[in-house]
Amino acid sequence: MDAAESSKAKIASLIQDVKKSWDDELQQLVQTLPKEEGWISGSLYLYQGFWCPAIVLKPVVSFQKHFQAFDSDVMVATFPKCGTTWLKALTFSTLYRSQFSRGGIEHPSLTSTPHQLVRFMEYDVYANNPCPDPENICVYKPRLFATHVPHASLPTSIKDSKCKIVYICRNPMDMFVSLWLFSNKLRDENQESLSPNKVFDMFCRGICAFGPIFDHALEYWNASQENPDKVLFLKYEDLKEDISSQLKRLSMFLGVPFTEDEEKQGVVEEIAKVCSFDKLRELEVNKKGLHISGIPHKDFFRKGKVGDWSNYLTPSMVERLEKLIHEKLDGSGLTFNFSSKISLD
Ligand code: PAP
């Protein structure tokens, strides 16, 4: 073996040692954590106050330990099934619009899914590599990422830097229905379908991926109230109601406000259209293939409506959730729009 080969072998063995000690550390951590059955497969671990899916526990810890935010970074943060796919598409199209102007390079959203364009930290960037190269984890500049990790558990560099966070929340009734049906689809053929009563009870007790939803939303809500230049808090229902004004808020927050000329040329409406449910769902790239997490791309598009919960939840479920929403959110200033079907007042 020559000197170069021997040095390579030494580095490889060193990396193996680091990986091994890291795996041992994680193994020890897992043994201390409360555990519950997951909705799809694998377990949920109660880690730092939220239910972390077993499959992403290691990536979440790597993300916390190793990620170094840049001041120019943008992070899309969401609770699952609250509009992640939509917000990724909107943020990508708004932030980089000058790089893909009309008549120029083909827009990447025609050939890549929103989840490929804006990578999840825990399901993608850190999934197989505890320490990825910071220069290569996002091909666009400024860097844009996404996460479901709660605010309290974000890496400190995200909070200490000028990195901006865009958060989207959705009324918990529609969110629950979306997650329940999504999870059922992804369960193995030999697994029974999820009993709605059982998962609803788990959901109300906060036991679902990254739950409880109330703590998740409230942490980001409070952060947005304390520092509106750092955290933008959006609601799925507001986007549904008036996408143009919400896009303008987003562009201002990102520091790339739409110019008068752009507004006259209809750029805002164009972005809204390109990112709309119907447009995205019809793209070939979103119909075929699997996300890196193994989820079929098409499963991120179901109905995309506000108020679909009324087709699934029983009156007693609605009553329980209503009570919980009051209990958790009253006095916080955070409210939800459930469509015209019920009023929570
Ligand atoms: P994730 O958090 O697991 O990545 P996310 O995109 O938040 O997924 O959830 C998918 C939901 O957003 C689905 O809602 P539904 O089950 O109530 O239909 C999906 O239909 C909806 N969705 C996806 N893309 C859009 C879009 N462009 N506009 C509006 N809703 C969308």
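The values are calculated or read from the model by the stated rules, or taken from the named source; none is laboratory data. Only a predicted model underlies this, so the values are computations on that prediction, with no experimental measurement involved. Note: ideal-geometry Cβ built from the backbone for every residue, glycine included; neighbour counts use all protein chains shown.
So which strands (runs of 3 or more DSSP E) are wholly in the range 20-131 and hold at least 2 residues that are more than 15 Å from the ligand (Cβ to nearest atom), at pLDDT 95 or above and over 18 Å from the mean Cα position of the chain (by Cα)?
35-37, 43-47
Scan the range 159-169 and give yes if some residue there is under 16 Å from the mean Cα position of the chain (by Cα), more than 24 Å from Leu321 (Cβ to Cβ), away from the ligand (no atom under 14 Å from the Cβ) and outside any helix (DSSP H, G or I), otherwise no.
yes
Just checking, which of Gly331, Gly294 is over 22 Å from Leu247 (Cα atoms) and under 21 Å from the mean Cα position of the chain (by Cα)?
Gly294
Within the range 316-333, is even one residue surrounded by 13 or more Cβ atoms within 10 Å (Cβ to Cβ), within 16 Å of the ligand (Cβ to nearest atom), polar (S, T, N, Q) and touching a residue at least 24 places away in the same chain (Cβ under 8 Å)?
no
So which residues in the range 280-302 are in contact (Cβ under 8 Å) with a residue 12 or more places away in the chain, out of contact with any Pro (no Cβ under 9 Å at 6 or more places or on another chain) and not polar (S, T, N, Q), if there are any at all?
Arg281, Leu283, Val285, His291, Ile292, Ile295, His297, Lys298, Asp299, Phe301, Arg302
Take the residues in the range 223-249 that are away from the ligand (no atom under 16 Å from the Cβ), within 18 Å of the chain's Cα centre (by Cα) and assigned to a helix (DSSP H, G or I), then tell me which one is farthest from Val274 (Cα to Cα).
If we take residues in the range 223-249 being away from the ligand (no atom under 16 Å from the Cβ), within 18 Å of the chain's Cα centre (by Cα) and assigned to a helix (DSSP H, G or I), then Ala223 is farthest from Val274 (Cα to Cα).
Which residue out of Ser339, Ser343 is out of contact with any helix residue (DSSP H, G or I) (no Cβ under 9 Å at 6 or more places or on another chain) and at pLDDT below 95?
Exactly one of Ser339, Ser343 is out of contact with any helix residue (DSSP H, G or I) (no Cβ under 9 Å at 6 or more places or on another chain) and at pLDDT below 95, namely Ser343.
Being buried (at least 18 other Cβ atoms within 10 Å of the Cβ) and either at positive phi or not β-branched (Val, Ile, Thr) (or both) is the filter here; which residues of the range 144-159 pass it?
Answer for the range 144-159, where residues must be buried (at least 18 other Cβ atoms within 10 Å of the Cβ) and either at positive phi or not β-branched (Val, Ile, Thr) (or both): Leu144, Phe145, Ala146, His148, Pro150, His151, Ser153, Leu154, Pro155.
Please find, within the range 252-273, the residue that is farthest from Asp242 (Cα to Cα) out of those that are surrounded by 17 or more Cβ atoms within 10 Å (Cβ to Cβ) and within 16 Å of the ligand (Cβ to nearest atom).
Restricting to residues being surrounded by 17 or more Cβ atoms within 10 Å (Cβ to Cβ) and within 16 Å of the ligand (Cβ to nearest atom), the top hit is Ile271.
Filter the range 285-314 down to residues that are surrounded by fewer than 16 Cβ atoms within 10 Å (Cβ to Cβ) and over 15 Å from Phe338 (Cβ atoms), then give me how many there are.
Residues that pass the stated criteria total 12.
If a residue has to be modelled with pLDDT under 95 and outside any helix (DSSP H, G or I) to count, how many in the range 284-309 make the cut?
Number of matching residues: 9.
Keeping to the range 175-192, report how many residues are within 25 Å of the chain's Cα centre (by Cα) and exposed (fewer than 13 other Cβ atoms within 10 Å of the Cβ).
So the answer is 1.
With the requirement that a residue be in contact with a strand residue (DSSP E or B) (Cβ under 9 Å, 6 or more places away or on another chain) and within 25 Å of Arg97 (Cβ to Cβ), what does the range 292-313 give you?
His297
Can you confirm whether the range 193-209 contains a residue that is in contact with a Pro (Cβ under 7 Å, 6 or more places away or on another chain), farther than 21 Å from Pro142 by Cα, more than 14 Å from the ligand (Cβ to nearest atom) and not β-branched (Val, Ile, Thr)?
Yes, the conditions are met somewhere in the range 193-209.
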